[in-house]
Amino acid sequence: MKNVNVVIGAGSIGQAIVRRVSAGKHVLLADIRQENADAAAKTLSDAGFTVTTATVDVTSRASVHALVELALTIGNITGVIHAAGVSPSQASPQTILKVDLYGTALVLEELGNVIAAGGSGIVIASQSGHRLPGLTAEQNTALALTPAEDLLNLPFLQPDKITDPLQAYQYSKRGNSLRVMAEAVRWGKRGARVNTISPGIIITPLANDELKGPRGDGYRKMLEISPAGRAGTPDEVGTVGALLMGSDGAFITGSDFLMDGGVTAAYWYGDLAPGK
């Protein structure tokens, strides 16, 4: 049977990773918007990749399960790249939690049930998860292990506690890395690995929305003061993705890779530190 890489989210980062790891494999490219999947598929097909497209709503278990069933009709699922999500400028706090936190938990659960031995997965988290103040041990455990269907019922995630889209995004992305750490144990029982990448400001359409939005000045300050002094590119994320999904990364699982040009370092210990 063919080996299948399932990509959820047809944006620039998902495409950059899948191009690095899909030679000789079948790509199943899914997005909530069919036109986005079709546009990305044409680019990949023109570059020599074999691609099937689908629509998926990561907030619907039935939709995610249907995607898994479609992938299994093509072949063995040996790769998963979950790059779907919404940003603080795009949605309300509760929508962000539903898409970015609950949706990721669904994807990890459904794909983790069928991932092939030797397979690997990547979830795109964010530097924002690294700027959330420390949570309690109980909160960390709840974000990591609470069954997906109960996640949004956690007391500390209720609308009276999470009132700001950025706060919702930070909780979601911290939750993603914690959930992947826990899922790495379960995936490991199938002989598979899974990790998160937490990018900083990577120039994508989503990042451009943020740069043009109400937080744009803050984003530009991050870039100016960060040690790298610039934004990143999807191809740079693709390089890390290729390491984690390939044989050179065979000893890496349950890990989170922060790649933000030093923005988080500057936030906690440099010129971006609160009060400066």
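The values are calculated or read from the model by the stated rules, or taken from the named source; none is laboratory data. Please read these numbers as outputs of a predicted model, since none were measured by experiment. When we count neighbours, we look across all protein chains shown, and the Cβ atoms used for this are built from the backbone with ideal geometry, even at glycine. Quick note on the areas: whole protein, heavy atoms, side chains included, nothing else; ligands and nucleic acids left out. Shrake-Rupley method; radii C 1.70, N 1.55, O 1.52, S 1.80 Å.
What is the distance, in nm, between label points placed 7 Å from the Cα along the Cα-to-Cβ direction at residue 141 and at residue 55?
4.2
Can you tell me how much longer the chain between residue 2 and residue 113 gets when fully stretched, taken as 0.36 nm per residue apart minus their C-alpha distance, in nm with one decimal?
Extending this stretch completely gives an extra 38.1 nm.
Please report the carbon-and-sulfur percent of the accessible area for the chain; probe 1.4 Å, protein heavy atoms only, DNA, RNA and ligands left out.
Roughly 54 percent of what the probe reaches on the chain is carbon or sulfur.
On a 0 to 90 degree scale, rounded to 10, what angle separates helix 34-46 from the longest Cα axis of the chain?
Tilt of helix 34-46: around 60 degrees.
Say R0 is 41 Å: what FRET efficiency, to the nearest 0.05, do residue 190 and residue 217 get from their beta-carbon distance?
0.35
At 0.36 nm per residue, and after removing the present C-alpha to C-alpha distance, how many nm does the segment from residue 73 to residue 230 gain when stretched out fully?
52.2 nm is the gain from fully extending residue 73 to residue 230.
Using a 1.4 Å probe, what is the accessible area per residue for the chain, in Å²?
43
Need the full-extension length gain, residue 46 to residue 150, defined as separation in residues times 0.36 nm minus the C-alpha distance. One decimal, nm.
Contour length minus Cα-Cα distance gives 33.2 nm.
Name the long-range amide H neighbours of residue 232: under 5 Å, sequence gap of 5 or more, or other chain; modelled H, no Pro or chain starts.
Placed amide hydrogens put 201, 202, 203 under 5 Å from residue 232.
Relative to the Cα centre, what is the charge dipole magnitude of the stretch 1-55, using +1 at the beta carbon of each Lys and Arg, -1 at the beta carbon of each Asp and Glu, and rounding to the nearest 20 debye?
220
Give me, ordered by chain and number, the residues 5 or more places off residue 77 or on other chains with an amide H under 5 Å from its own placed amide H.
4, 116
Applying the Karplus parametrisation 6.51 cos²θ - 1.76 cosθ + 1.60 with θ = phi - 60° to the phi angles of the stretch 80-87, what ³J(HN,Hα) value in whole Hz is obtained for each residue in order, glycine and proline being reported as x?
3J(HN,Hα) across the stretch 80-87, in whole Hz: 9, 10, 9, 10, 8, x, 10, 9.
Tell me which chymotrypsin sites (Phe, Trp or Tyr not before Pro) from the stretch 230-276 have a DSSP coil assignment and no more than 13 other beta carbons within 10 Å of their own.
Taking the stretch 230-276 and a limit of 13 other Cβ atoms within 10 Å, the loop chymotrypsin sites (Phe, Trp or Tyr not before Pro) found are 251.
Can you find, among 23, 88, 133, the residue sitting farthest towards the positive end of the charge dipole of the chain, where Lys and Arg contribute +1 and Asp and Glu -1 at Cβ?
Looking along the dipole axis, the top candidate is 23.
At 1.4 Å probe size, put 2, 173, 25, 98 in order of accessible surface, largest to smallest.
Solvent-accessible surface, decreasing: 2, 98, 25, 173.
List every residue whose amide H lies under 5 Å from the amide H of residue 52, counting only residues 5 or more places away in sequence or on a different chain, with H placed 1.01 Å from N in the peptide plane.
Long-range HN contacts for residue 52: 27, 28, 29.
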